[in-house]
Amino acid sequence: MQKKKRKQQKNFLDYLFFILVALGFVWTIALWSTAKSPAQSGSAGSKPNNSRSISEKNNQTSKKKSSQNSSSKTSSSSSSSDAQLASAKQKNFALGTTLSSDQPYTDYPYLKSQGISFAYFRATTGSSSLDNLFSSSIKSAKDAGLSVGAMLVFDSSTTAYGSYLYFVQKVGKETGNLPIAIYVSDDSITDSGSITNLQGLIQDLKDYYPNNSVIVRCDKAIYDKVQSQLTSLNIKYWLIENNLDNIGSAVQFVQYNANGKIGSGIRSFRLPISAFDGSKTDLKKFSEGIEK
């Protein structure tokens, strides 16, 4: 009996041992699966990082290409500007520029030595703003041998008489030896009233300065708006556009390059470049006629 009992105990222990071994095996498998899962997750997570890295490389490549394209465009624009300047010189046009306290330059002898024959200086804007460099600049440029002119900036919110009177009071007879220029920006002609205002200003200036003609400086869009209504005033124009196609007849000046290169080497710089419809000799005769 005791022998049978011991045998049963042994069988129970063997059974218990088998269960414990099985549980240990299952537990080991569970731990192994848990340990593997984060690794797989980390591996899956690494793919977006690789993707992001590729994306960043693509962005950097794109930015580099964009920078190269921008540089290429700037270089192309600069080359085009230089070609236009060479073309204007080849056609023997007298060349000039516009200056103001916003874009000052004072070495007028150097300007002249680089082929610049005339300079316009901003004088007044509307009825309340005087460029503080005007008087000294126009005198110095004329002393350096340049033909010079005064420019009034048209303000449609100011009456024609108010703009005219302010110009006369501040500029007086220091208008130079070129036509008085009225700069009309592309947003200053909004209706028929602003054109009427411009007509009045032109007429007042012509009456007060009989020796000086008056020219309107504007882009082609403004020219097309006002030209037919200003015909009776018999004025000339100074077009702002990127070519010389329209110079001649009613167009006496053309600003064909807003950022033209002047000079060379370390003394080179950029200014707006305009052409006069005529040679340097023609410009000199024209200026002398105004001074008489």
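If you check N211, N243, which single one turns out to be surrounded by fewer than 21 Cβ atoms within 10 Å (Cβ to Cβ), assigned to a loop (DSSP other than H, G, I, E, B) and touching an Asp or Glu at 6+ places or on another chain (Cβ under 9 Å)?
Residue meeting the stated conditions: N211.
Which pairs have Cβ atoms under 7 Å, sit 6 or more apart or on different chains, and link a residue in the stretch 251-270 that is assigned to a loop (DSSP other than H, G, I, E, B) to one that is buried (at least 19 other Cβ atoms within 10 Å of the Cβ)?
So the pair list comes out as S268/I262.
Name the residues in the stretch 271-292 that are closer than 16 Å to S249 by Cα, charged (D, E, K, R) and in a loop (DSSP other than H, G, I, E, B), would you?
D277 - this is the single residue of the stretch 271-292 that is closer than 16 Å to S249 by Cα, charged (D, E, K, R) and in a loop (DSSP other than H, G, I, E, B).
Output the qualifying pairs, or none if there are none: Cβ atoms under 8 angstrom, residues six or more apart or on different chains, first residue in the stretch 163-182 and among the hydroxyl-bearing types (S, T, Y), second residue in a helix (DSSP H, G or I) and crowded, with 16+ Cβ neighbours inside 10 Å.
If the second residue must be in a helix (DSSP H, G or I) and crowded, with 16+ Cβ neighbours inside 10 Å, the pairs left are S163/L201; Y164/L201; Y164/D204; Y164/L205.
The numbers here are math on the coordinates, done by the rules we state, and not lab data. Since the structure is predicted, the reported quantities are computational estimates derived from the model, not experimental observations. With ideal geometry, Cβ positions are generated from the backbone for all residues, glycine too; neighbour counts draw on all protein chains shown.
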